[in-house]
Structures are given as structure tokens and as C-alpha cells.
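Visitor: Got a structure for you, written out below as C-alpha cells; questions coming shortly.
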Amino acid sequence: MSSTTTSTTPVFLITGASSGFGEAVAQDALARGYHVIATARNSAKLGALKAAGATVLDLDVTNDEETLAKVFREAAAAYGGRITHVVNSAGYLLEGAVEEASAKEAFDVFNTNVLGTANIARVSAPYLREAAKTPGQQVALATFGSLGSWWSGAGAAYYCSTKFAVSGLTVGLAEELRPFGVDVYCFEPGYTRTAFLQNGASGGSGDHRIKTARRLDVYHDSEAEKMRSALNKYNGQQPGDVVKCAKVIVDVMTKDGVAKGKEVPVRLLLGSDCVETVRAVCESTLKSVREWEEVSSSTMH
């Protein structure tokens, strides 16, 4: 244990590691010889990562502060009290029109995607600040926005609004932790081929796409219904490669590979579809600013 106490070998703690980005990042970090603490609401689903050398723990990002603090103490104890990199990839998609979702369904998706992200940032900050005191130690915290951090649409407004919120939260968090030597990144992937879009039962669990329990006939031929159909068609056909994304994420967080010697933006797009979306949004926004600048400016004292 004493060797891990003085080592600068990265110690990654990853939430939502049972599938998707969390699992891929964990596998990439392990392949590089890094220490990995993989977590999920049910750690029994982390058998493959455990077999590959990861420490596995139960962790629900919506737990109370005392429970989260206890899990982090247990996690840090596995490697001499050290956690140097935290990846918060827990999250899910609530599919349905705004009117169709119940108050609880809306709260739950914000509780996991946004407040859960804040919970992990809050409980991990002391460990990351401490780790940053070691000379030569790279320290980083990562959150996940998405293409939905830039674009929202019918049938996915709840999910996209959570991603808008996560990206905004992360930008502020980056400024707060930068003076302590902690890098903070929000990775914003486009459509990436994972199990994320697999259909979930209404109010169910076990995957990351949950439909609202209520379906209103008035939305049957609407843009919301078109979104449902588009998600079905895209499932399993997403153009993004999660393994390639994971490599970039670990490179950035450890300032290696594609990120070596570079200053990486807090918000990093992953996927050409995300790049195209952001470019279109920015151009449209600037066009709107120019067209309405006189009216916007007329409201000043």
C-alpha cells in the first residue's frame, strides 16, 4: 500500500461504469496500467471490469451526502487514500413530450443527470485538491454533456435540458477548481454506438432510455412522435465509436496522446455530428443576434 501512496499512477473513479462511456473509459484506463475504481448502482454488473483488475463498488449518484462520502472513503482507501481522476458518466434519457412526463419523472431525470453530477463533483473535490498537491500528478474531473447540450427538440426536451445544465455547471466548476491544479472537462459526444438508445419500459430501469408512463394521443402525429421513431431507427446505427471516444477522454484527462502539450477546452466535442450541430447552432445564433441587435440593445437605460 505504501507504494501506491507515493505513486503518481492515476487512480480513476468512474460512475455509471456498467455500460457505455463509463465502461469504455474504465477499460481504456485499465489497459494503460492505471488504477480503476468502477462503480454502478449494482456492482454485480461490473464483473468484466473486476476480472480486468478494477476495484468495484456500489454507488448511486443520487444518494445522500453521508452515503456518498462513505463510498468515496472506501474507494480512496483501496489506493492509499488517493483518487486522481473522476469520471461521472451516470445518466439516462427520458423520452416523451414535456406535457406527458409526470412531476416525478421530470424530477428523477434532473436528479440523476444534473444533481447527481453536482453530488459527485462536491464529494470528489477534496480528494482531487489533495491529489493535486503531489508534484507531477495530473488531476482531473470529467462530466458528460452531449450534442443535446447545444440542441433540443420535441420528445427529448427533458434530456437535452439536463445536458444544457451539466455543461453550464461544468464551466463554472472548472473556474472554481482550476486554482487548485484540478482540470475539469465536459465531454459532449454526438450519437455514439452504445446501448443508450435501447428501449426501456415505462418507468423501468436496466437501460438508459426510459419512456414516460403517459402517452397522449394529441402528440401521436407530432414532432415528438417523429423523435421517438428517429431514436428507434438510430439505435445500433449511431456513427460514433465509443472505444475511440474513450481513448480521447483518457488522453485528455491525463494530458497524454492527442492532448499532450495542448490546452484542451473545458467543453470538448466528440463526433463529427456534434461538430456539425454546434457549427449550425452558432451560425444561426449569430444570424439572430445581428437581425435583432437593435431591438436587444434598445432595452438598456
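Visitor: If I fit a long axis through the Cα atoms of helix 242-254 and take the longest principal axis of the Cα atoms of the chain, what angle between them do I get, 0 to 90°, rounded to 10?
Guide: 60
Visitor: Under a cut-off of 23 Å between alpha-carbon atoms, report the lysines in cross-link reach of Lys262, not counting same-chain residues fewer than 8 places apart.
Guide: Counting by Cα, and skipping residues close in sequence, Lys262 has these lysines nearby: Lys133, Lys244, Lys247.
Visitor: When we measure straight from the Cα of Lys226, which lysines land under 23 angstrom away, once same-chain ones fewer than 8 places off are left out?
Guide: Result set, ordered by chain and number: Lys163, Lys211.
Visitor: With N set to the number of residues, divide the alpha-carbon radius of gyration of the stretch 2-272 by 2.2 N^0.38 Å and report two decimals.
Guide: That works out to 0.99 for the stretch 2-272.
Visitor: Taking the chain as the reference, fit the longest principal axis to its C-alpha atoms, fit the long axis of helix 116-131 to the helix C-alpha atoms, and give the angle between the two in degrees, 0 to 90, nearest 10.
Guide: Between helix and principal axis, roughly 30 degrees.
Visitor: Next up: To the nearest 500 deg cm²/dmol, what mean residue ellipticity at 222 nm is calculated for the chain from DSSP H runs of n ≥ 4 alone, each contributing -39,500 (n - 2.57), summed and divided by the residues?
Guide: About -14000 deg cm²/dmol.
Visitor: Here's something else I'd like to know. Most mobile of Gly172, Gly145, Gly181 per a Gaussian network model of the chain (Cα springs, under 10 Å)?
Guide: Evaluated over the chain, the most mobile residue of the options is Gly172.
Visitor: Please go through the stretch 244-292 and write out the GluC sites (Glu not before Pro) that DSSP classes as loop and that have at most 11 other C-beta atoms within 10 Å.
Guide: Of the GluC sites (Glu not before Pro), the ones in loops of the stretch 244-292 whose Cβ has at most 11 other Cβ atoms within 10 Å are Glu263.
Visitor: Count neighbours as other Cβ atoms within 10 Å of each site's Cβ, and list the trypsin sites (Lys or Arg not before Pro) in the stretch 238-270 that are DSSP loop with at most 11 such neighbours.
Guide: Qualifying residues, ordered by number: Lys260, Lys262.
Visitor: Tell me, what does the Kirkwood hydrodynamic radius of the stretch 40-183 come to in angstroms if you use every pair of distinct C-alpha atoms?
Guide: 16.5 Å is the Kirkwood radius here.
Visitor: So how tilted is helix 20-31 from the main axis of the chain? Cα-based, degrees 0 to 90, rounded to 10.
Guide: 30
Visitor: Sort 231-238, 42-49 by packing, meaning the average of other beta carbons within 10 Å per residue, with the highest value first. Could you put the intermediate results ahead of the total?
Guide: Numbers: 231-238: 13.6, 42-49: 16.1.
Put in order of decreasing packing, that is 42-49, 231-238.
Visitor: Averaging sequence separations of C-alpha pairs under 8 Å and six or more residues apart, then dividing by the length of the chain, give the relative contact order as a whole percent.
Guide: 18
Visitor: Shape call for the stretch 1-118 from the C-alpha gyration tensor, a ≥ b ≥ c root eigenvalues: rounded (a/c under 1.5), prolate (a/b greater than b/c) or oblate?
Guide: Verdict is prolate for the stretch 1-118.
A short reminder: the numbers here are calculations on the coordinates, not readings from a lab. Not measured: the values here are computed from a predicted model. Because the Cβ atoms are built from the backbone with ideal geometry, glycine has one as well, and the counts that use them run over all protein chains shown.
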